[in-house]
Amino acid sequence: MNLTVARLTARGLLGRRRGLLLLAVPGLLLVLSVVIRVSVGQDESTTVDVLGTLALGTLVPLLGLIAGTGAIGPEIDDGSIIYLLAKPLPRWKIITTKLLVSFGCTVVFGAIPTYLAGVILFGNFEGVAVAYGIAALCAGAAYSAIFLLLGVVTRHAVVVGLLYSLVWESVIGSFVTGAKTLSVQQWALAVARQIADPGVITSAVHLPTAVPLLVVVTLAAGALAAARLSRLTLTGEQ
Amino acid sequence: MTTISIDRVSRWFGNVVAVNDISMQIGPGVTGLLGPNGAGKSTLIHMMSGFLPPSTGRVDIDGVPVWKNQQAYRQIGLVPEREAMYDFLTGHEFVLANAELHGLPDPGAAARRALATVEMEYAQDRKVTTYSKGMKQRVKMASALVHEPSVLMLDEPFNGMDPRQRMHLMELLRRFGAEGRTVLFSSHILEEVEQLARHIEVVVAGRHAASGDFHKIRRLMTSRPHQYLVRSSDDRALAAALIADTSTAGIEFDPREQALRIQAVDFYRFAELVPRVAKEAGIRLLTVSPQDESLESVFSYLVTSA
């Protein structure tokens, strides 16, 4: 963890329009939750639907995408990353710091709003709000690492990230059951299922599979990103 | 005292060879890396600054490879060509961040010192986005100097600078060179290199076209275009006779010098031509002196012959 890198990353992420976007997405979720609670009332299945589809299925991956790729992608694109890299600073430290900042964003703008939305919709009954909040926390870490890696590896990180979260997790996942085994969303749901009262939340993956996969994917993506960054070349006249 | 050593280095991108078997040593003092756009200067600087591995060969700083060696940045100050910086910071915040990233014991003092060196204190609290190109260049320079490196590499540092800023930066670089630092800058503009560097390395089309003292390189090339100042008993008659020959490219009458300025393209032929023509026309030659010591002719010669 390097404080200067963290400060630069956070200012880059939260400054300008991206900061507003990061605020708008969870804001929308909370407003929607209030509207639903007022119009539908306190309903378990609605709560699970909203938190599962909107919060964990859309908000968290979207945030992971914005924060993960945004923590490094623009700097690599415009070349300003050179000021971080031309320093006697281990590259893995840069990645770890950026990963933590990105994860922090998903906590503040993803996990906490998800928990709050749960409370608004259903109170603290059956552990649903806490379960989804913690699931969002786990998913946020994994998404941050995956999308940070994408940000280092490709200039089209946002497109690739969107394809993964929209096409793979949502569309393919709903037709091909096997695809769900390789879905951050399902791993996080497995964690949520464990925390909430039995039978409330369902997941396609069992906890003993989900937790190691979450940990391995997060660490591996971080390590790969660090390795890739230490071999980063600058595009010169070619 | 730090030496950058490039030993039989080539670098290719796919089928394109950007740098072709170059060897050079860059020691203390100011060295100009000269070549037209696309010659491979940036590729060389990227390899020297550890942002590109050579395809073959070695790039070392004091005997230690630069690639994947982050400790090398304690010695290196790099001023990249690209303009992007952390635009949302002020100039001071940017230089301070660089000092912190170097892990300096007193980053605040180092940042102040560096900003004073480039004379940017007056605008240090403005956002980088509001800076002109020359101001950005100076802040980039401050960020590269903040840890007092023994090697300073600048990729096209004079681009976009106005003449005053250019002179100031040249003074700075001269000073660093005189202090015994290894200063390397690239440029495609000949006057810049000529004004600043006694030692030049010329790269043309990925190849090492020439190396060494500027005057020495000039002397090596006898068939380059030459400028001569010629005075005679009848300048206009001599000019008319000389221009008829293919060894001259242009003749101008300089009224202030009361002499002819002759551009010769074929040195040997011209050297033989002048006395013969003068003798045949009955003209007395008063002065024949080579004038042209500008890098321009060396360069264009190297470009066309490479």
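The values are calculated or read from the model by the stated rules, or taken from the named source; none is laboratory data. Keep in mind that this is a model prediction, so the values were computed, not measured. Reconstructed Cβ throughout: ideal geometry from the backbone, glycine too, with neighbour counts over all protein chains shown.
Those residues that are within 13 Å of another protein chain (Cβ to nearest Cβ), part of a helix (DSSP H, G or I) and among the polar types (S, T, N, Q), I need them from the stretch A:65-99; list them, please.
Within the stretch A:65-99, just A:97 meets the criteria.
Among the residues of the stretch A:131-139, are any without any contact (Cβ under 8 Å) to a residue 24 or more places away in the chain, assigned to a helix (DSSP H, G or I), out of contact with any strand residue (DSSP E or B) (no Cβ under 9 Å at 6 or more places or on another chain) and surrounded by 23 or more Cβ atoms within 10 Å (Cβ to Cβ)?
yes
Conditions first: (1) under 14 Å from residue B:77 (Cβ atoms); (2) touching a residue at least 60 places away in the same chain (Cβ under 8 Å). Residue B:159 passes all but one, so which condition is the exception?
Here residue B:159 clears every test but (1).
Considering only the stretch B:21-45, state which residues are over 13 Å from the mean Cα position of the chain (by Cα) and within 16 Å of residue B:80 (Cβ to Cβ).
B:43, B:44
Considering only the stretch A:37-55, state which residues are in contact with a helix residue (DSSP H, G or I) (Cβ under 8 Å, 6 or more places away or on another chain) and surrounded by 14 or more Cβ atoms within 10 Å (Cβ to Cβ). Reasoning before the result, please.
Keep residues of the stretch A:37-55 that are in contact with a helix residue (DSSP H, G or I) (Cβ under 8 Å, 6 or more places away or on another chain), which gives A:37, A:40, A:42-44, A:46-48, A:50-52, A:54-55.
The answer is A:37, A:43, A:44, A:46, A:47, A:48, A:50, A:51, A:52, A:54, A:55.
Among the listed residues B:297, B:233, B:247, which satisfies the condition of being closer than 30 Å to residue B:39 by Cα, at pLDDT 75 or above and either over 35 Å from the mean Cα position of the chain (by Cα) or buried (at least 17 other Cβ atoms within 10 Å of the Cβ) (or both)?
Details: B:297 fails: at pLDDT 75 or above; B:233 fails: closer than 30 Å to residue B:39 by Cα.
One residue alone meets the criteria, B:247.
Given the conditions (1) more than 10 Å from chain A (Cβ to nearest Cβ); (2) assigned to a strand (DSSP E or B); (3) within 23 Å of the chain's Cα centre (by Cα), and given that residue B:57 satisfies all but one, which numbered condition is not satisfied?
All conditions are met except number (3).
Can you name the residue in the stretch A:1-17 that is within 11 Å of chain B (Cβ to nearest Cβ) and basic (Lys, Arg) and, of all such residues, is surrounded by the fewest Cβ atoms within 10 Å (Cβ to Cβ)?
A:16
Exactly one of (1) buried (at least 16 other Cβ atoms within 10 Å of the Cβ); (2) of a type in the set (Phe, Trp, Tyr); (3) more than 17 Å from residue A:65 (Cβ to Cβ) is unmet by residue A:168. Its number?
In the conditions (1) buried (at least 16 other Cβ atoms within 10 Å of the Cβ); (2) of a type in the set (Phe, Trp, Tyr); (3) more than 17 Å from residue A:65 (Cβ to Cβ), residue A:168 misses (3) alone.
Could you list, ordered by first residue, the pairs with Cβ atoms under 7 Å in which the first is in the stretch A:145-164 and over 19 Å from residue A:99 (Cα atoms) and the second is at pLDDT below 90 and not hydrophobic (A, V, I, L, M, F, W, C), at least 6 apart or interchain?
Pairs found: none.
Does residue A:64 satisfy the criteria of being out of contact with any helix residue (DSSP H, G or I) (no Cβ under 8 Å at 6 or more places or on another chain) and in contact (Cβ under 8 Å) with a residue 60 or more places away in the chain?
Working: out of contact with any helix residue (DSSP H, G or I) (no Cβ under 8 Å at 6 or more places or on another chain): no; in contact (Cβ under 8 Å) with a residue 60 or more places away in the chain: yes.
So residue A:64 does not fit the description; no.
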